[in-house]
Amino acid sequence: MDKILIIEDEPGLQLALKDRLTEEGYDVEIEGNGLRGEKIALESRFDLLILDVMLPDRDGFQICRNLRDKGITLPILMLTARNTAIDTVLGLQFGADDYLGKPFDFPVLLARIAALLRRSRQHNSHGSDRIRILFSEYTLDREARILTGREGNVDLSNRLYGLLEFFILRHDQILSRKIILNEVWGYGSDISSRTVDVHVAWLREKLKEQKHPRHLITLRGKGYKFILNPENQGER
Ligand code: CA
């Protein structure tokens with residue numbers, strides 16, 4: 001689960017961000033004070049920082065610069081009402097990775113977050129995986145973290161996307177619920193394997209195969225298998 005730290009002092013926005021990002025499957029921590037936020041960012045490991053500019057005690061630009069000076073490399077998305085070109089330049093100069101002006105649309109924020117996380121993961125891994133994977137009428141774009149079908153983009157939560165990508169990257173292998181839980185929800189998560197079944201059902205619905213699964217096959221007593229090209233599998 002990706003951990004996101006949000007340093008933002010506006011209570012309404014704090015609540016909205018926390019709710020929406022948690023819903024998307026992120027592990028969210030919020031701090032409203034600049035000085036304390038910087039301390040948290042230095043002391044704990046996060047995958048992404050969402051950083052407001054106008055904050056009590058210490059402004060976002062300063063925090064950004066201090067973190068970079070101390071060698072903290074996590075992706076930083078700056079969020080602010082000050083949305084002039086000069087502020088953008090300043091933010092990026094101080095080491096921010098992206099910049100979003102308030103008010104913003106949540107889908108835009110979510111797409112930016114996903115892109116930043118994807119980029120940082122690619123940077124940290126070998127980067128040899130394919131970006132686009134085609135199956136049936138679908139295209140999975142792993143950079144944009146988007147699934148596209150005949151009727152356009154398929155609306156997937158962050159968790160469902162992660163599950164689908166996991167299945168696709170391990171297509172045609174038998175995957176037990178335990179492996180899926182460990183890899184998608186994280187080791188040591190105390191979630192029941194029933195959660196996997198529920199998410200698989202949702203994913204089948206998104207792929208319009210809840211009645212007759214073509215791709216996401218249940219193997220009784222074993223788990224699941226994702227078949228990339230059902231046409232080549234012959235009769236099941
Ligand atoms: Ca503020």
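The values are calculated or read from the model by the stated rules, or taken from the named source; none is laboratory data. As the structure is a prediction and not an experimental result, all values here were calculated from the model. Glycine also receives a Cβ, built like all others from the backbone with ideal geometry; neighbour counts cover every protein chain displayed. To get the accessible areas, we keep the full protein, side chains included, count just its heavy atoms, and leave off ligands, DNA and RNA. Shrake-Rupley method; radii C 1.70, N 1.55, O 1.52, S 1.80 Å.
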Inset, instruction - Go through region 5-24 residue by residue and tally those that are away from the ligand (no atom under 15 Å from the Cβ), open to solvent by 10 Å² or more (accessible area, probe 1.4 Å) and in contact (Cβ under 8 Å) with a residue 40 or more places away in the chain. - result: 3
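One line per residue, one yes/no per condition, for (1) small (Gly, Ala, Ser); (2) surrounded by fewer than 18 Cβ atoms within 10 Å (Cβ to Cβ); (3) at negative phi:
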{"site": "Gly152", "(1), (2), (3)": "yes, yes, no"}
{"site": "Leu163", "(1), (2), (3)": "no, no, yes"}
{"site": "Arg170", "(1), (2), (3)": "no, yes, yes"}
{"site": "Val184", "(1), (2), (3)": "no, no, yes"}
{"site": "Gly188", "(1), (2), (3)": "yes, yes, no"}
{"site": "Arg194", "(1), (2), (3)": "no, yes, yes"}
{"site": "His199", "(1), (2), (3)": "no, no, yes"}
{"site": "Arg214", "(1), (2), (3)": "no, yes, yes"}
Legend entry - Condition check for Val28: closer than 20 Å to Ile113 by Cα and open to solvent by 10 Å² or more (accessible area, probe 1.4 Å): yes
Legend entry - Every pair of residues 6+ apart whose Cβ atoms lie under 7 Å, when the first sits in region 39-64 and is open to solvent by less than 40 Å² (accessible area, probe 1.4 Å) while the second is of a type in the set (Lys, Arg) and within 15 Å of the ligand (Cβ to nearest atom): Val53/Arg82
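Yes/no matrix, rows are residues, columns are (1) of a type in the set (A, V, I, L, M); (2) under 23 Å from the mean Cα position of the chain (by Cα):
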{"residue": "Ile131", "(1), (2)": "yes, yes"}
{"residue": "Tyr161", "(1), (2)": "no, yes"}
{"residue": "Phe167", "(1), (2)": "no, yes"}
{"residue": "Ile180", "(1), (2)": "yes, yes"}
{"residue": "His199", "(1), (2)": "no, yes"}
{"residue": "Glu205", "(1), (2)": "no, yes"}
{"residue": "Gln210", "(1), (2)": "no, no"}
{"residue": "Pro213", "(1), (2)": "no, no"}
Inset, instruction - Spot the failing condition for Arg204; the list is (1) farther than 17 Å from Phe135 by Cα; (2) crowded, with 18+ Cβ neighbours inside 10 Å, and only one is missed. - result: (1)
Legend entry - Contacts under 6 angstrom Cβ, first residue in region 71-99 being within 16 Å of the ligand (Cβ to nearest atom), partner at pLDDT below 80, 6 or more apart: Met78/Gly91; Tyr99/Thr88; Tyr99/Gly91
Inset, instruction - State whether one or more residues within region 27-39 are of a type in the set (Lys, Arg), away from the ligand (no atom under 12 Å from the Cβ) and more than 26 Å from Ile191 (Cβ to Cβ). - result: yes
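Which members of region 40-68 meet the condition of being away from the ligand (no atom under 16 Å from the Cβ) and closer than 17 Å to Leu109 by Cα? Walk me through it before giving the result.
We begin by selecting, within region 40-68, every residue away from the ligand (no atom under 16 Å from the Cβ); these are 40-48, 65-68.
Answer for region 40-68, where residues must be away from the ligand (no atom under 16 Å from the Cβ) and closer than 17 Å to Leu109 by Cα: Asp47, Leu48.
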Inset, instruction - Could you please let me know if Asp2 is closer than 30 Å to Gly188 by Cα, away from the ligand (no atom under 16 Å from the Cβ) and within 14 Å of the chain's Cα centre (by Cα)? - result: yes
